[in-house]
2 protein chains.
Amino acid sequence: MPTYKAPLDDVRFILNEVFPVARLAELPGHEDHTPDLIEAVLAEGAKFVENELLPLNRSGDEEGCHYENGVVRTPQGFPEAYAKFIEGGWTGLSCDPDYGGQGLPHVVNFIMEEFICSANLSFGMYPGLSHGAYNALTLHGTDELKRTYLPKLVDGTWAGTMCLTEPHCGTDLGLIRTKAVPDEAEDGAYAITGTKIFISAGEHDLTENILHLVLAKLPDAPAGTRGISLFLVPKFLPRDDGTPGMRNGVMCGSIEHKMGIKASSTCVMNFDGAKGWLVGQPHKGMRAMFTMMNAARLGVGIQGLGLAEVSYQNAVTYARERLQGRSLTGAKAPDKPADPIIVHPDVRKTLLTMRAHTEGCRALACWVGMNIDIAAKHPDPEARRAADDLVALMTPIVKAYFTDHGFDATNMGMQLYGGHGYIREYGMEQFVRDARIAQIYEGANAIQALDLVGRKLPQDMGRLLRQFFHPVSELLEEAQEDPELLEFAIPLAKAFGKLQQATAIVAQKGMKNPDEAGAASTDYLRLFALVALGYMWLRMVKVARERLPKANGAAGFYDSKIKTARFFMTKSLPQVNALFLSIMAGSRVLMDMDADAF
Amino acid sequence: MPTYKAPLDDVRFILNEVFPVARLAELPGHEDHTPDLIEAVLAEGAKFVENELLPLNRSGDEEGCHYENGVVRTPQGFPEAYAKFIEGGWTGLSCDPDYGGQGLPHVVNFIMEEFICSANLSFGMYPGLSHGAYNALTLHGTDELKRTYLPKLVDGTWAGTMCLTEPHCGTDLGLIRTKAVPDEAEDGAYAITGTKIFISAGEHDLTENILHLVLAKLPDAPAGTRGISLFLVPKFLPRDDGTPGMRNGVMCGSIEHKMGIKASSTCVMNFDGAKGWLVGQPHKGMRAMFTMMNAARLGVGIQGLGLAEVSYQNAVTYARERLQGRSLTGAKAPDKPADPIIVHPDVRKTLLTMRAHTEGCRALACWVGMNIDIAAKHPDPEARRAADDLVALMTPIVKAYFTDHGFDATNMGMQLYGGHGYIREYGMEQFVRDARIAQIYEGANAIQALDLVGRKLPQDMGRLLRQFFHPVSELLEEAQEDPELLEFAIPLAKAFGKLQQATAIVAQKGMKNPDEAGAASTDYLRLFALVALGYMWLRMVKVARERLPKANGAAGFYDSKIKTARFFMTKSLPQVNALFLSIMAGSRVLMDMDADAF
């Protein structure tokens, strides 16, 4: 069975030394959120996931969810663990104190989400989805809706869902058929009718009520995505005293049998004149939906990160313990029947690939997370806008690249186990199956790439880009003055040059022919992500080099950072060259073939 | 449920136009094996896999194998399908006519294996393993063993296994503990005792007997791999009349619960003084084992190819039928609610990546397959040696690259299905789970890379390499005279240059420090494979250009070949640049980190 220890040292390094989280305490509302407090909260969180969630991960996968007559039962132990989860206040970690939340910075919640996903992704889906509903209601709900529902979402006694997809439409929500008509009996209420599929946590036994946020069309809706509205549809209609009352007209029709995240219920939800309330303006549901969606996309990126981390930890343990063959340069453990496989260069290459990308992703997640907090709370509107721009720019990259890495890394971890990796009881293949969905849901990764090249790049003549390009340029200039940093700065500068060139070309060619942007999109996102990780590594190695001379007991930690940075720059970053050439090849080689000739 | 049609047109193109299979008919024993005959056989084979094996693939995955008290039951329909399989003579396709085989060229069997793996990989494992046992007995068995067992393996009424791995050793077979002691009661027989794990087809209900080929150590065995012997251990001891008699001391202790290939039984086999017979010389078992292993490695490569093909076919169908969103350049199907997703450049990029590699791999498989036939039957020993060199060189590349592609391609196919890809009933995720094992078994892919750089490159001062480098150089020279081929030849020439440089550097640095070769190994294998596929594409595009003007009805076929070649050269081949740079980074960045610091 896999083991897991939350990477508290690495988190401490990133939050306290690379992007000082102390600065967040200058924001209104975060005055008490000192690094010490944050560290204490995360240490508690680590204990919880290690002791309560990890032990349910394998058993949850084997048992799966049970469906009978509209009722879904989660696997053994899940309801008890969820009860402890909400008792610990983990659902309200970064929620508004006005509604019972702890009001901690979002970046703290990001890190806690990583820990949860490492330990038990399926479990994490339940509170994760509630968080999306919380965001949508907070920003777009009426005061009455907020008063009624937010405290329940914050304390976790009620859960939330996002009901978007229908059998014939996922990406293209303009095609949805679910209808909402004004309720004749109650002013302001609507009757919702239609079928939604792939609804995570659509039905389960963890909470006393479930709040569905449902996209539907009003009778007078314009065609396409401009005619979609968002509704709140509770499973049980709340009584005046706030307790769940009458059952609403929404039922789970069945659950899906999936490749992974088997302990997370994925439901077909049938709405049959269910009573619902409008969230946001009529026909403006896509805007409210994107509030949920953007938060959810970042959350899905974190899932990839969490699975990469837990797979890495187990792969390292195995590589140190598995005795097989001898080092190519002579026995390293001559007293044993064979050397541990970590003596082999390619095993190390696999481990370092996992690690360099995982730690780079974690740093990037924290950078984005802190910018969410700045965007939410900074007194200066210009600082808020700048932070928001960075978050918007990075969202598709975090979603797509982190989840690609999550899948690649879990596969690498599994591969190191050899045949044992393919056997279910070792748990390594579960990480692969669980990681796989993250590349698909909340907008498949190719859709993220289109979002990047089609929306984020051109927005306001590249305004968003500046939030990334400026700090990279600045750091590279600084690094040129420091001979010790040059070996890291030069490869990054080269890769950054490719990114700048590719950006100009994609923007220019894409303006004339959108297919050119489409053809470049996934390569471009990957190229961008690699440069972003390179930037993280240059920041990290800079700090590590400064700290190393006076590090004493922690010298090994900083030394590993430097070596991992070196690996990333020389072994991973060169991929940008291939991506750049593929982008340059343009769209003709793709569009020339007749659809029938495929 | 996935559909599948065997790619007979593509096979015909490769066998009749690219590497004329007609030339094989010049080899002794193949006089009757004309292209027409081969085509007729393959058309029959296609029908069989489409009608009998494909329908059992999903149900076999859902049901899995059943174990009770040492007995293994395969899923519903498998025994009946196997009975038809042997009735059709498919087990003996390329086996020696002296033992009842049809004696067709190996390349025909390769292609049939691809068809089988596309339709039902789990099913294919049963006859596939028998083939390994057939090879080992044919080359290393005594006349008596051959007489007794080969006809049964050829007609498929008995099956075979390869019993190598033990709980503490997979790659490092020098560590095996299974013992063989001379049987006091019977001259020439041995008593085998030990436990083997991960034994595919170790126990099942398809055949009346199962022949285990078991690695074990004799009492006087030297330590390590030089002290391993190979034994034949039948489940039932044959009576004098050739029918299965007394039960032998070998039992299946349990079966594994795996990520995929669930209809293939993976067994723990307990040998408890089981009666066995030596195959080959005492202590020389590794040699005989490699006979099985090399054939098995090529067979595993074919598994990757087969799964890539079936996933591609279903992905294309889905991409043409799934209506979602609009083309970036304006509606292409304005009469429909949305365009089919095949209008999107990135969807096409995914499909073309799958296709360009799959068709390239198929051509390479056929080239290698025909060289197996030349190595076996050519009257000129020099021609036999040259062919054998090519096969030896290409074996690790076929095993590792084809299976990596099989996994990548099945994932791409699944990704195109969006959320539906993650749901079991659509079948796309099964291909991913089934494909995953091929990267692991018969020597994990990193071991293949070590075989390439450590054994195949240095062998006789690079003698093996010449069998690949010469024909590539020749074709590139030819192509330079043909202006129409230049656009394809130039990228290949560049990539080939990188391969030559990398080869020289790996050989040179690896001689001084074997870790340098180890550090480069997986990148080098990938680089080599990409050049090999590029070579296949240049050969194919050359033929396609020649045929196109007079092709009439088949013009679309040749035109697609040209466009796919163009895609490969411009979008896939540039990866060699990144691989080259990663190789150049050397081993220091990998070996510098303390094992404890990971």
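Among the residues of the stretch A:26-36, which ones are acidic (Asp, Glu) and either assigned to a loop (DSSP other than H, G, I, E, B) or surrounded by 13 or more Cβ atoms within 10 Å (Cβ to Cβ) (or both)?
Our first condition is that a residue be acidic (Asp, Glu); within the stretch A:26-36, this holds for A:26, A:31-32, A:36.
Those that are acidic (Asp, Glu) and either assigned to a loop (DSSP other than H, G, I, E, B) or surrounded by 13 or more Cβ atoms within 10 Å (Cβ to Cβ) (or both): A:Glu31, A:Asp32.
Here are A:Thr171, A:Thr161: which of them is closer than 29 Å to B:Ile341 by Cβ and modelled with pLDDT under 95?
Working: A:Thr161 fails: modelled with pLDDT under 95.
Unique residue meeting the criteria: A:Thr171.
Does B:Gly419 satisfy being within 13 Å of chain A (Cβ to nearest Cβ), at pLDDT 95 or above, within 23 Å of A:Ala409 (Cα to Cα) and surrounded by fewer than 22 Cβ atoms within 10 Å (Cβ to Cβ)? Explain how you work it out, then say what you get.
On the way: within 13 Å of chain A (Cβ to nearest Cβ): yes; at pLDDT 95 or above: yes; within 23 Å of A:Ala409 (Cα to Cα): yes; surrounded by fewer than 22 Cβ atoms within 10 Å (Cβ to Cβ): yes.
Yes.
Restricting to the stretch B:339-356, give me the number of residues that are at the interface with another protein chain (Cβ under 8 Å from one of its Cβ atoms), over 22 Å from A:Val506 (Cβ atoms) and under 23 Å from the mean Cα position of the chain (by Cα).
Matching residues across the stretch B:339-356 total 1.
Looking for whichever is in contact (Cβ under 8 Å) with a residue 12 or more places away in the chain, among the β-branched types (Val, Ile, Thr), farther than 26 Å from B:Asn445 by Cα and crowded, with 20+ Cβ neighbours inside 10 Å here; the options are B:Thr207, B:Thr157. Which one fits? Step through it out loud before you land on a result.
Numbers: B:Thr157 fails: crowded, with 20+ Cβ neighbours inside 10 Å.
Matching residue, one of B:Thr207, B:Thr157: B:Thr207.
Within the group B:Gly273, B:Gly253, B:Gly245, which residue is touching a Lys or Arg at 6+ places or on another chain (Cβ under 7 Å) and modelled with pLDDT of 95 or more?
Values: B:Gly273 fails: touching a Lys or Arg at 6+ places or on another chain (Cβ under 7 Å); B:Gly253 fails: touching a Lys or Arg at 6+ places or on another chain (Cβ under 7 Å).
Only one candidate passes the filter, namely B:Gly245.
Quick check: anything in the stretch B:396-403 surrounded by 24 or more Cβ atoms within 10 Å (Cβ to Cβ), among the β-branched types (Val, Ile, Thr) and within 14 Å of another protein chain (Cβ to nearest Cβ)? Reasoning before the result, please.
Step one: of the stretch B:396-403, the residues surrounded by 24 or more Cβ atoms within 10 Å (Cβ to Cβ) are B:396-403.
If we keep only those that are among the β-branched types (Val, Ile, Thr) too, we end up with B:397-398, B:403.
If we keep only those that are within 14 Å of another protein chain (Cβ to nearest Cβ) too, we end up with B:403.
Looking through the stretch B:396-403, at least one residue is surrounded by 24 or more Cβ atoms within 10 Å (Cβ to Cβ), among the β-branched types (Val, Ile, Thr) and within 14 Å of another protein chain (Cβ to nearest Cβ).
Look through the stretch A:555-586, keep the residues that are of a type in the set (S, T, N, Q) and touching a Lys or Arg at 6+ places or on another chain (Cβ under 8 Å), and return whichever of them is farthest from B:Asp559 (Cα to Cα). Break it down into steps so the answer makes sense when it comes.
Taking the stretch A:555-586 first, the residues of a type in the set (S, T, N, Q) are A:560, A:564, A:570, A:572, A:575, A:577, A:582.
Checking the rest, the ones that are also touching a Lys or Arg at 6+ places or on another chain (Cβ under 8 Å) come to A:564, A:575, A:577, A:582.
Values: A:Thr564: 47, A:Gln575: 31, A:Asn577: 30, A:Ser582: 22 Å.
Checked the stretch A:555-586; the qualifying residue farthest from B:Asp559 (Cα to Cα) is A:Thr564.
When you look at A:Gly325, is it more than 13 Å from chain B (Cβ to nearest Cβ), buried (at least 17 other Cβ atoms within 10 Å of the Cβ) and either in contact with a Phe, Trp or Tyr (Cβ under 9 Å, 6 or more places away or on another chain) or not hydrophobic (A, V, I, L, M, F, W, C) (or both), yes or no?
Details: more than 13 Å from chain B (Cβ to nearest Cβ): no; buried (at least 17 other Cβ atoms within 10 Å of the Cβ): yes; either in contact with a Phe, Trp or Tyr (Cβ under 9 Å, 6 or more places away or on another chain) or not hydrophobic (A, V, I, L, M, F, W, C) (or both): yes.
In short, no.
Here's the yes/no breakdown for (1) of a type in the set (D, E, K, R); (2) surrounded by 23 or more Cβ atoms within 10 Å (Cβ to Cβ); (3) touching a residue at least 24 places away in the same chain (Cβ under 8 Å):
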{"residue": "B:Val250", "(1), (2), (3)": "no, yes, yes"}
{"residue": "B:Ser254", "(1), (2), (3)": "no, no, yes"}
{"residue": "B:Ile261", "(1), (2), (3)": "no, yes, yes"}
{"residue": "B:Met269", "(1), (2), (3)": "no, yes, yes"}
{"residue": "B:Gly273", "(1), (2), (3)": "no, no, yes"}
{"residue": "B:Gly280", "(1), (2), (3)": "no, no, yes"}
{"residue": "B:Lys284", "(1), (2), (3)": "yes, no, yes"}
{"residue": "B:Ala288", "(1), (2), (3)": "no, yes, yes"}
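Please state which one of A:Ala479, A:Ala449, A:Ala444 is over 30 Å from B:Gly170 (Cα atoms), crowded, with 19+ Cβ neighbours inside 10 Å, at pLDDT 95 or above and away from every other protein chain (no Cβ under 11 Å). Let's see the steps before the verdict.
Numbers: A:Ala449 fails: away from every other protein chain (no Cβ under 11 Å); A:Ala444 fails: away from every other protein chain (no Cβ under 11 Å).
Among A:Ala479, A:Ala449, A:Ala444, only A:Ala479 is over 30 Å from B:Gly170 (Cα atoms), crowded, with 19+ Cβ neighbours inside 10 Å, at pLDDT 95 or above and away from every other protein chain (no Cβ under 11 Å).
Condition check ((1) at pLDDT 95 or above; (2) among the aromatic types (Phe, Trp, Tyr); (3) over 20 Å from the mean Cα position of the chain (by Cα); (4) surrounded by fewer than 18 Cβ atoms within 10 Å (Cβ to Cβ)) across all residues:
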site: B:Glu52; (1), (2), (3), (4): yes, no, yes, no
site: B:Glu63; (1), (2), (3), (4): yes, no, yes, yes
site: B:Val71; (1), (2), (3), (4): yes, no, yes, yes
site: B:Gln76; (1), (2), (3), (4): yes, no, yes, yes
site: B:Trp90; (1), (2), (3), (4): yes, yes, no, no
site: B:Asp98; (1), (2), (3), (4): yes, no, yes, yes
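Could you tell me whether the stretch B:150-161 includes any residue that is within 20 Å of the chain's Cα centre (by Cα) and of a type outside the set (A, V, I, L, M)?
yes
Which of the residues that make up the stretch A:560-598 are facing chain B (nearest Cβ under 7 Å), assigned to a helix (DSSP H, G or I) and either of a type in the set (A, V, I, L, M, F, W, C) or without any contact (Cβ under 8 Å) to a residue 40 or more places away in the chain (or both)?
Step one: filter the stretch A:560-598 for residues facing chain B (nearest Cβ under 7 Å), giving A:560, A:563, A:566-567, A:570-571, A:574-575, A:577-578, A:581-582, A:585, A:587, A:589-593, A:595, A:597-598.
Then keep just the ones that are assigned to a helix (DSSP H, G or I); that gives A:560, A:563, A:566-567, A:570-571, A:575, A:577-578, A:581-582, A:589-591, A:595, A:597.
Of everything in the stretch A:560-598, those that are facing chain B (nearest Cβ under 7 Å), assigned to a helix (DSSP H, G or I) and either of a type in the set (A, V, I, L, M, F, W, C) or without any contact (Cβ under 8 Å) to a residue 40 or more places away in the chain (or both) turn out to be A:Ser560, A:Lys563, A:Phe567, A:Ala578, A:Leu581, A:Val589, A:Leu590, A:Met591, A:Ala595, A:Ala597.
Conditions (1) surrounded by 14 or more Cβ atoms within 10 Å (Cβ to Cβ); (2) at negative phi; (3) under 20 Å from the mean Cα position of the chain (by Cα), marked per residue:
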position: B:Thr3; (1), (2), (3): no, yes, no
position: B:Val18; (1), (2), (3): yes, yes, no
position: B:Val49; (1), (2), (3): yes, yes, yes
position: B:Gly60; (1), (2), (3): yes, yes, no
position: B:Pro79; (1), (2), (3): yes, yes, no
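Can A:Lys336 be described as on the phi < 0 side of the Ramachandran plot, touching a strand residue (DSSP E or B) at 6+ places or on another chain (Cβ under 8 Å) and within 12 Å of chain B (Cβ to nearest Cβ)? Step through it out loud before you land on a result.
Numbers: on the phi < 0 side of the Ramachandran plot: yes; touching a strand residue (DSSP E or B) at 6+ places or on another chain (Cβ under 8 Å): yes; within 12 Å of chain B (Cβ to nearest Cβ): yes.
Yes; evaluated as a whole, the condition is true for this residue.
Only one of these is closer than 26 Å to A:Gly443 by Cα and in contact with a Pro (Cβ under 6 Å, 6 or more places away or on another chain): A:Ser521, A:Ser582. Name it.
When all the criteria are applied, what remains is A:Ser582.
Residues being out of contact with any Lys or Arg (no Cβ under 9 Å at 6 or more places or on another chain) and either in a strand (DSSP E or B) or buried (at least 23 other Cβ atoms within 10 Å of the Cβ) (or both): count how many of those fall in the stretch A:171-192.
2
Given (1) acidic (Asp, Glu); (2) in contact with a Pro (Cβ under 9 Å, 6 or more places away or on another chain); (3) assigned to a helix (DSSP H, G or I), where does A:Glu144 come up short, assuming only one miss?
(2)
Which condition number in (1) modelled with pLDDT under 95; (2) touching a Lys or Arg at 6+ places or on another chain (Cβ under 8 Å) is the one that A:Ala296 fails?
Checking A:Ala296 against (1) modelled with pLDDT under 95; (2) touching a Lys or Arg at 6+ places or on another chain (Cβ under 8 Å), the one that fails is (2).
Among the residues of the stretch A:422-436, how many are buried (at least 24 other Cβ atoms within 10 Å of the Cβ), aromatic (Phe, Trp, Tyr) and more than 9 Å from every other protein chain (Cβ to nearest Cβ)?
1
Just a yes or no: is a residue in the stretch A:528-543 within 12 Å of chain B (Cβ to nearest Cβ) and at pLDDT 95 or above? Can you show your working first?
Going residue by residue through the stretch A:528-543, those that are within 12 Å of chain B (Cβ to nearest Cβ) are A:530.
When the remaining residues are screened for being at pLDDT 95 or above, the result is A:530.
Yes, the stretch A:528-543 contains at least one residue that is within 12 Å of chain B (Cβ to nearest Cβ) and at pLDDT 95 or above.
Rundown of residues vs (1) not in a helix (DSSP H, G or I); (2) not β-branched (Val, Ile, Thr), yes/no style:
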| residue | (1), (2) |
| --- | --- |
| A:Pro2 | yes, yes |
| A:Ala6 | yes, yes |
| A:Ile38 | no, no |
| A:Asn51 | no, yes |
| A:Ser59 | no, yes |
| A:Glu62 | no, yes |
| A:Ala83 | no, yes |
| A:Thr91 | no, no |
| A:Gln102 | yes, yes |
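What do you reckon, is A:Gly510 assigned to a helix (DSSP H, G or I), of a type in the set (Gly, Ala, Ser) and closer than 26 Å to B:Thr353 by Cα? First the steps, then the outcome.
Numbers: assigned to a helix (DSSP H, G or I): yes; of a type in the set (Gly, Ala, Ser): yes; closer than 26 Å to B:Thr353 by Cα: yes.
So A:Gly510 fits the description; yes.
The values are calculated or read from the model by the stated rules, or taken from the named source; none is laboratory data. Note that the coordinates shown come from a computational prediction; the quantities given were computed from them, not determined experimentally. With ideal geometry, Cβ positions are generated from the backbone for all residues, glycine too; neighbour counts draw on all protein chains shown.
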